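All remarks here apply to the structure that follows.
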Amino acid sequence: MEEFVVLVNPQDEILGLMEKQQAHINGLLHRAFSVFLFNNKGEMLLQKRANEKYHSPLKWTNAVCSHPKTGETYIEGAKRRIKEELGIETELSEKFNFIYKADVGGGLWEHELDHVFVGNYEGHFNLNKDEVEEIKYISMEDLDKEISETPENFTEWFKIILEEYKHHF
């Protein structure tokens, strides 16, 4: 089944739809969202992308990142994907949005108008193994250390979004 992304201009005005992989090949700006989840100790949830992902497999990234479907709001998309990928439901609040472009290898680009959501979750996960290899909570201090020592283990967009996140908090 083909998946489509919503192409937009920098003001978030819709320009049209494009098949997801083609948009990533062309590096065209499209709608996206990123979810950062924390536990009660303030540790961030990371997911390791499944080996079957068409780009950035087995790399660590934030809890969820994806694209809203046509006619779906950013928050609706974020809640849908945390249920589809992590098997959970939790409240989310939007913190900021920004535009970034990242080379993710293999001739693919993430060029996204990204809305960043934050939530808190304590409890059981029901991981979708087609999407998520494993998860872990990590302190911000340990996360910074791991990224510094082994940046190749993390998705390119997560490193960009994390730095932007730090500027807002």
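The values are calculated or read from the model by the stated rules, or taken from the named source; none is laboratory data. Quick caveat, the model's predicted, so the values are computed rather than measured. So basically every Cβ, Gly included, is an ideal-geometry build from the backbone, and we count neighbours across all protein chains shown. These area figures cover heavy atoms from the full protein model, side chains too; ligands, DNA and RNA do not enter into them. Shrake-Rupley method; radii C 1.70, N 1.55, O 1.52, S 1.80 Å.
Per-residue 3J(HN,Hα) values for segment 18-31, derived from phi via the Karplus relation 6.51 cos²θ - 1.76 cosθ + 1.60 with θ = phi - 60°, read 8, 4, 3, 5, 5, 4, 6, 5, 7, x, 8, 5, 9, 6 Hz in sequence order (x marks Gly and Pro).
Accessible surface computed residue by residue for the chain, with neighbouring protein chains in place and a 1.4 Å probe, gives 50 Å² per residue.
Tell me, what is the percent relative contact order of segment 20-100, built from C-alpha pairs under 8 Å that lie six or more residues apart?
Numbers: 91 pairs, mean separation 18.6, N = 81.
It comes to 23 percent, rounded to a whole number.
Between segment 62-78 and segment 102-155, the C-alpha centres lie 16 angstrom from each other.
Phi angles of segment 128-139 translate, via the Karplus equation with coefficients 6.51, -1.76, 1.60 and θ = phi - 60°, into HN-Hα couplings of 8, 5, 6, 10, 10, 6, 6, 9, 7, 9, 8, 5 Hz per residue; Gly and Pro are given as x. Per-residue surface analysis assigns THR70 an accessible area of about 100 Å², computed on protein heavy atoms at 1.4 Å probe radius. Please build a GNM for the chain, connecting alpha carbons under 10 Å apart, and tell me which residue among SER93, SER66, SER148 fluctuates the most. Per the Cα network of the chain with a 10 Å cutoff, SER148 tops the list. The share of accessible area on the chain that comes from carbon and sulfur is 48 percent, using a 1.4 angstrom probe. Charges were assigned to the Cβ only: +1 to each Lys and Arg, -1 to each Asp and Glu. The resulting dipole of segment 23-134 about its Cα centre is roughly 140 debye. Across the chain, Cα pairs under 8 Å and at least six residues apart give a relative contact order of 27 percent. Taking all protein chains as they are arranged and a probe of 1.4 Å, the heavy atoms of HIS24 leave approximately 0 Å² accessible to solvent. In this structure the amide hydrogen of PHE36, modeled in the peptide plane, comes within under 5 Å of the amide hydrogens of PHE117, VAL118, GLY119, none closer than 5 places in sequence on its chain.
Quote the relative contact order of segment 62-112 in percent (integer), defining contacts as alpha-carbon pairs under 8 Å separated by 6+ residues. Walk me through the numbers before you get to the answer.
On the way: 40 pairs, mean separation 11.1, N = 51.
Answer for segment 62-112 is 22 percent.
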